Structures are given as structure tokens and as C-alpha cells.
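Input: a single structure, listed below in C-alpha cells.
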Amino acid sequence: MAKDDKPKTEETPQEAASVGNGAVPSLNVLAQYIKDLSFENPNAPRSLQPREKAPDINININVNATPLSDTDFEVELKLEATAGEGADAMFNVELTYGGVFRLQNIPEEAKGPAILIECPRMLFPFARQIVADSTRNGGFPPLMIDPIDFAALYQQRIAEEQVKAQVKTDAN
């Protein structure tokens, strides 16, 4: 090693990320909360009786985001689950679980995926637990929703928006 050469040190991940504009990208959770929760057991106590076969369970998931400022966003994860139908309805649970997130130093092209993939991914385990507790407290086995691929939901949403834009263009 020459006299003027300084020993090389390894870059930390934060140093590597901040090389571009000098600022480290960050995504922070400022708050998490239940915005709306509803559990219905319309046919109780009959719905709690033993059954010969498992009920049909339908689960719908939706993600919405609202900007609160240049850096802060409210993200809502909406989960709706129903078991049974009509006279055989066992339960209906609806949850809107929200969070406020701060995005700093994230490139504009990465904000959409951060807001609609990463933020709901952070909210999901908490929302899943609330749904499981609600169904258990309603007299049923806890409904454990399988993990969700928020990246696939995001890509589906983008594809739907592109189709709508194409239809609009074709109509003109």
C-alpha cells in the first residue's frame, strides 16, 4: 500500500443508497388504526350449530391510498369475508384497516409501488389478526386469511387502468 492510499472500508447499505442525491430513502409508519369494523352473525344461534360440510368462504381485498401531504399518505386495506349464503349465512366481517405512512427521498416512479405494495404488506398481518379475532369472538373458528401478493394486485390494477384508458381513447 502506498503512503497516500487510504484503506478501503465497506459501504453500509445506507451509504450505498444515499450515493445518488445524498439522501437515504425511507418509508415510515406514523400510525395504524381500525377505521371501520363490522361483524355480523345474522342467523345466530342456528349458524353456530355443527354442519356436515364446510361453508363457502368468499374474501375480497382492496387497497386505497390518499395523499395527506407531499410525503404522507393514508393507506386503507379493506378486507371483506363472508361465510355461507342467504338462509345459510354464517358470518360477514368487514374491516377497513388504515395506516399513515411517510415516504421520503423515494423516486417518483417508485412511490406508487411503495404505497400500494409495501404499505399494505406492512398493514396486512395486523388486519389479518383482527379478522381472525372477530370471527373467533363471533363463535366460529378464527378465519386465517392466506398471505396476499400485493405486487400482483398492484399489477392487476395497473393493467385495468391501461384497459380503461385504451377504451376511452378508442371511444373518442
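The set of residues in the stretch 113-172 that are hydroxyl-bearing (S, T, Y) and in contact (Cβ under 8 Å) with a residue 24 or more places away in the chain comprises S134, T135, Y154. For I148, the stated conditions hold: it is closer than 16 Å to I59 by Cβ, under 9 Å from the mean Cα position of the chain (by Cα) and of a type in the set (A, V, I, L, M). If you check Y97 against the conditions, is it touching a Pro at 6+ places or on another chain (Cβ under 7 Å) and either at pLDDT 95 or above or in a helix (DSSP H, G or I) (or both)? Criteria not met by Y97.
Looking only at the stretch 38-56, residues that are under 22 Å from F126 (Cβ atoms) and surrounded by 14 or more Cβ atoms within 10 Å (Cβ to Cβ) come to 2 in all. Restricting attention to the stretch 34-80, the residues that are within 19 Å of I145 (Cβ to Cβ), touching a residue at least 40 places away in the same chain (Cβ under 8 Å), part of a strand (DSSP E or B) and not small (G, A, S) add up to 14. Restricting attention to the stretch 93-113, the residues that are hydrophobic (A, V, I, L, M, F, W, C) and under 11 Å from the mean Cα position of the chain (by Cα) total 0. Could you tell me which residue of the stretch 72-105 is nearest to F39 (Cα to Cα), considering only residues that are acidic (D, E) and surrounded by fewer than 18 Cβ atoms within 10 Å (Cβ to Cβ)? The residue in question is E94. Name the residues in the stretch 134-172 that are within 25 Å of A83 (Cβ to Cβ), of a type in the set (S, T, Y) and in contact with a Leu (Cβ under 6 Å, 6 or more places away or on another chain), would you? Matches in the stretch 134-172: T135 only.
The values are calculated or read from the model by the stated rules, or taken from the named source; none is laboratory data. Treat the numbers as computed from the prediction; the structure is a model and nothing was measured. Reconstructed Cβ throughout: ideal geometry from the backbone, glycine too, with neighbour counts over all protein chains shown.
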